[in-house]
Structures are given as C-alpha cells and as structure tokens.
1. Could you work out how far helix B:140-152 tilts from the main Cα principal axis of chain B, as a 0 to 90 degree angle to the nearest 10?
2. If I model a spin label at A:F223 and B:T178 as a point 7 Å from the Cα along the Cα→Cβ vector, what separation in nanometres do I get?
3. Give the lysines whose C-alpha is closer than 17 Å to that of A:K36, dropping any in the same chain fewer than 8 places away, or say none.
4. Can you tell me the orientation of helix A:84-93 relative to chain A, as the angle in degrees between its alpha-carbon axis and the longest Cα principal axis, to the nearest 10?
5. Quick one: if the Förster radius is 60 Å, what FRET efficiency do B:Y11 and A:F241 give, using the C-beta to C-beta distance and rounding to 0.05?
6. What is the angle, in °, between the Cα long axis of helix A:132-173 and the longest principal axis of the Cα atoms in chain A? Nearest 10 is fine, range 0 to 90.
7. For the protein assembly as shown, just the Cα atoms, rotate onto the principal axes and tell me the three extents in Å, largest first.
8. Calculate log10 I(q)/I(0) of chain A for q = 0.11, 0.13 Å⁻¹, where I(q) comes from the Debye formula with a single equal point scatterer on each Cα and nothing for solvent.
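Throughout, read-outs are computed from the coordinates displayed, never taken from laboratory work. Bear in mind the structure is a predicted one, so any value in this text is a computation, not a measurement. When we count neighbours, we look across all protein chains shown, and the Cβ atoms used for this are built from the backbone with ideal geometry, even at glycine.
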Amino acid sequence: MRLLKSFFSVTFPLVVMLMMFSIYLIVTKVVDNYKKNITNDYAIVVIANTPLSNITSLANIAVKNIEPLSREKIIKSVEKNLSDTSVDLLQKKLPYFYKIYLAEFPTNLTLDKIRKELMTISNIKKIETFSNDHNKLYSLLILVQRIIFILFSAVFLLSILLLSKQIKIWFFEHNERISIIQLHGGSLIYASKPIIKIIFASAFFTSIVSSALLFGIISNIHFFIEPEIMALIPSVFSMEFEIIQIFILSLTIPFVTFFGLLVKYKFK
Amino acid sequence: MILAKDLTLSYNKKKNIIENANFKVKEKDFIFISGSSGSGKSTLLKSFYGELPVVRGHLFVNKYDLLKKNTGQLLSLRKELGIVFQDYKLIQEYTIEENIMLPLKVHNYTDEVSTSQVKKLLKHVKLSHKIGAYPAELSGGEQQRVAVARALAHNPSIILADEPTGNLDDYSSDMIWTLLKNANEHLGITIVVVTHRIPTDLGIKYRRFNIDEGVVYEAS
C-alpha cells in the first residue's frame, strides 16, 4: 500500500504536467496554423503614383510577394458610367495599386512600423493594412497560448518539486541499503538500483496513462470544442508524434530529477 | 598490507582521536586492536576502509593511499576488503543468500558462480538449513555468521571486523572466532579485529595493538 502510494505520488504530478504540456503544444500548433493561414491571406494594399521599386523587407519581415492590381480591370469596372474623355483622363491619372504579401503575420506594433517605413517612400500615396479583424482573433489565441504556458510552467515547477521530494523520500528509505552496498564497493548508481527501478516503472506507467488520456481527449475532441473552433485545429495532427513526445518526456523528467538528486546525495 | 605513518584521525578539528600513529600490518597477520571504550578503536578501523578521512600523515591499505583517495579508488579498495560489523549490517529486504551474494554482484560474478559460492559459504558457516530466510528470522549469532560469510564471499585480502562478537553469547562468539581463525590460517586472509575482549583460547599467533589516549602501540 505504501509503495503504491509513493508510486502514485510520482505518476500523478507527472501525468498532470504532461497533459498540460500536451495542451500547450496543441494550442501552439493551432496558433501556428492560424498564423500560417492568415499570413497567406493577408496583404497590405498600397497606392502609389509611380510603379513601386523593389521592396524586399518591411520592419525586418521579408516581403513574400508584391502583386500589382490590374489598372485595366479597375477602369473597366467604372468605364460604363464615364465618358470617353473621362476614361482617358482616368487612365492618365489613375495611380498604381499593389498588394504586398509578407512572410510573417505582423503584430499591431510591427504594422505601425511597416506603415511608417512605407510612408518614407515618396511615391506612396495611401496604405491600407486591413489588420483589425485578423488581429482580434490572433491576439486572443496568443493570449490563450500565453496563459496555458504560464499554467504549464507553474505545474511543471510544482511537479518537479513533488517529484524531487518523493525521490528524496526513497533515498531516505533506502539509505541503509545504499550505505551497506557502498561499504562493499558498490557505486552509488549500483546501490540506487531499486530507486531507479521504481522511477522507471512510474515513468513508464505515466507515459501510458498520459498517452491514453491524450488519445481519449483527441478522439472525443468534438465534445469539448465547438465546431467553429475545430476548424482551427490543423488537420495534419500526428497522434504518434504526440505519444512519442509524451513517452520521451515522461522518462526524461524523472531521470533528470533523479540524477540531480544523486549528485546532491553524493556530495552530502 | 596496512601501513600508517604519523597517522592522525579526528572527527572535528578540536580534538584528535588518533595522533601520530605508526604501525604496519603484514600479509596474513591476525591483529587485535584493543583499548578502553571511546579510545578510538573503531575510528581507526573506519579509516582503513575510508569511512573516516586521514587528517594528517599517511595511511596505505593495499596499494591505496587513503590521504589522496578519490571515489573510484575508495570503491576499488572496498572491493578488496571484507568488513564485519558489530550490528551485522545485513540488508533486511534481502534473503541471507542475497546478502552473501552482495560483494559477488559488486564484483560482477556470474549468477552460476555466485550461487555455488553462496552454497559453499552457507555450509561453511553452518546455515545451509536457513536458505531463503531473511535476517530478521535469524538469531544474532546466525546473523553475524551470515555477515562473516558475506565478508569471505569474494576472497578478500583483508577482513576488518569491528567488535564482531560484541552482541553475541559465548557459543556464537566461539563460532565467529573459529571462522575468522580459519580464514586466516587456511585462506591466508589478513584479519584486523577491533575488540575489547580478546579470546583466551584462540590457538593462533596474533599481534595486538592497544590504543590509549590517542596513542597506538603494539602490546607484547
């Protein structure tokens, strides 16, 4: 019973931590995916008096493409209501329209910088960024991501603390055995074999429970998330990759904690 | 085997327990270290297996200089020693066979060799009938016989024993002395025993070091 209790005192914080980490990764993927989509759709419209010369980057963001808008198309759309002289005049006076596509989706702050940078180009008359709608949802997603990261960090610290306390208790429980083995020439790692075994078993159990939980959540995600938000979740979501990540983490974290304490124990 | 040159030992800087000790323990010697309670007998023995650091002077055990030892050398030295304690220091969660097997496991002996060696030793210490028992199921004398068997398991060059009969009745004490005597006589193992009660009828040539107020001298 005591062994079971100490076993769960390792697995429980680890499972919570791994779940938080998985959620953080999923949200990060959603944000990245959304960012990619809006970056593809998003463009700054620029109106210039003369054709634009080459612009390679704006506020340190690479310019992916500059697409000129067809002047003929614009004239055609309005020529029905105009006389021939007005169309001629329009053809002479109509400025050049461009859509500037960026490699990254800019924040509001960066957009201000971009606007200022574009304004320094003398032939540019007007700049339209159309950023408000995109930015609202994007900012909200970033906020959720940051909150989850803060929560994950808190859970991570707490879990490491609980984990190290439990490993310390195990060292204390096995203290006599460890010192007897060391008196017979066994190394500290050799003497700590029983602790390593419990840690390995706990970590393995944790990875199975966490993977099963994650699998259960992702398989039934429609119960937790609205269909509109579901559309944001990337379709290429690799369950295998998530499980491998959980497995590696669930083994790494307890063993790193264990070896940290082992060094402390050795110097003590 | 063991060489002390101006050896000084202390638990703290205020008072030295052993001061400027000079002695030599040769191969196949049977040594008794005696003295009154608190004289530093066990302290001296602890320094032989590196449990207590050398404060000043030199202490060589086998080829190891205990003043300049590192962890690796300390573990290597301990692999060459057999240690018997007054409180047996058996691992309670292990059976008596597993306890005896401990130094063999540390030496990476195969399971086959270890099992056969343990059987021989259990027979030697007259505990074959206790196979599978845990230390808590044995009497004090029997536990100490297991401890002696464990000390003999890997054929050490030196056995260090700290009051091995301190907690035992006369019958059990006799058995322990016989086992240590046989190890010295037949296996050529150097024996160093800390005791306040040297057996009168050991029937073997031995040397005796006495400790008095931190001074180690060989008594005739």
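1. For helix B:140-152, the angle is close to 80 degrees.
2. With each label placed 7 Å out from Cα toward Cβ, I get 7.3 nm.
3. A:K64, A:K136
4. Helix A:84-93 sits at roughly 50 degrees to that axis.
5. 0.55
6. Between helix and principal axis, roughly 10 degrees.
7. 137, 49, 36
8. -0.79, -0.93
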